[in-house]
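Have a look at the structure below before the remarks.
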Amino acid sequence: MPSRAKELRLAKLESYSGATIGLTGRATHGADLSGRRRVRSNPAGQGNAGQRRLDLDTARDQVQSQTVQAWGQVQAAKAQINASQAQVTAAEVALNGVREEARVGQRTTLDVLNAQQTLVNARVALVTAQHDRIVASYTLLSAVGSLSPQILGLRVQVYDAMVHYQQVRDVWGGVRIPDGR
């Protein structure tokens, strides 16, 4: 009965993580002097199960770590976008002020050009922050296993290995391509 409980726990772990666990072992049947049958299990099989469980725990910890890291990157990218938007707003206000001062003769053309360059740099920083947020979002989707064309709703043909196999199973290698040419 304890063996059945272990199998159920392993099956539960497998369904939880999507990982595959295999158990190998060897049992020999023999008769002792009394004529009763006995079963001896191979301790190596138990070691393999322990190793598989350790591998599963390691994989689960890695996924959790990647997810936490990706979430942190998304949050940092959001904060960077907010800071960059404030920087752009401040640079626009500063440019307007420098233009007004240049109009009345208090600033030079070089001051206006410097203010324009500051605004351009702030806008570049904003675009870079937006890019970083998009990359971090896709990294998060990948970490949680949701980066697929079906989940993202992309209208693309998804590669199916069985379809490709059916197309090329009777074809001599290198003679033609799967569409028949």
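VAL144: modelled with pLDDT under 95 and under 30 Å from VAL68 (Cβ atoms), yes or no? When the stated conditions are applied, VAL144 passes them.
Taking the listed residues ASP170, ASP132, the one that is charged (D, E, K, R) and more than 17 Å from the chain's Cα centre (by Cα) is ASP170, with no other qualifying.
Contact map, region 119-130: first residue farther than 13 Å from ILE81 by Cβ, second residue part of a helix (DSSP H, G or I) and charged (D, E, K, R), Cβ cut-off under 9 Å, separation 6 or more or different chains; pairs are LEU119/GLU92. Here GLY174 meets the list (1) modelled with pLDDT under 90; (2) surrounded by 11 or more Cβ atoms within 10 Å (Cβ to Cβ) almost entirely, failing just condition (2).
The set of residues in region 94-132 that are among the hydrophobic types (A, V, I, L, M, F, W, C) and within 30 Å of GLN73 (Cα to Cα) comprises LEU119, VAL120, ALA122, VAL124, ALA125, LEU126, VAL127, ALA129. Selection of region 133-161 for residues being under 12 Å from ALA77 (Cα atoms) and either charged (D, E, K, R) or not in a helix (DSSP H, G or I) (or both) yields only ARG133.
Determine, yes or no, whether GLN106 is part of a helix (DSSP H, G or I) and either within 22 Å of THR139 (Cβ to Cβ) or not small (Gly, Ala, Ser) (or both). No; evaluated as a whole, the condition is false for this residue. Looking only at region 90-114, residues that are loosely packed, with under 11 Cβ neighbours inside 10 Å and within 27 Å of LEU126 (Cα to Cα) come to 2 in all.
The values are calculated or read from the model by the stated rules, or taken from the named source; none is laboratory data. This structure is a prediction, so every number in the text was calculated from the model and none was measured. Positions of Cβ are backbone-derived with ideal geometry, glycine not excepted, and every protein chain shown enters the neighbour counts.
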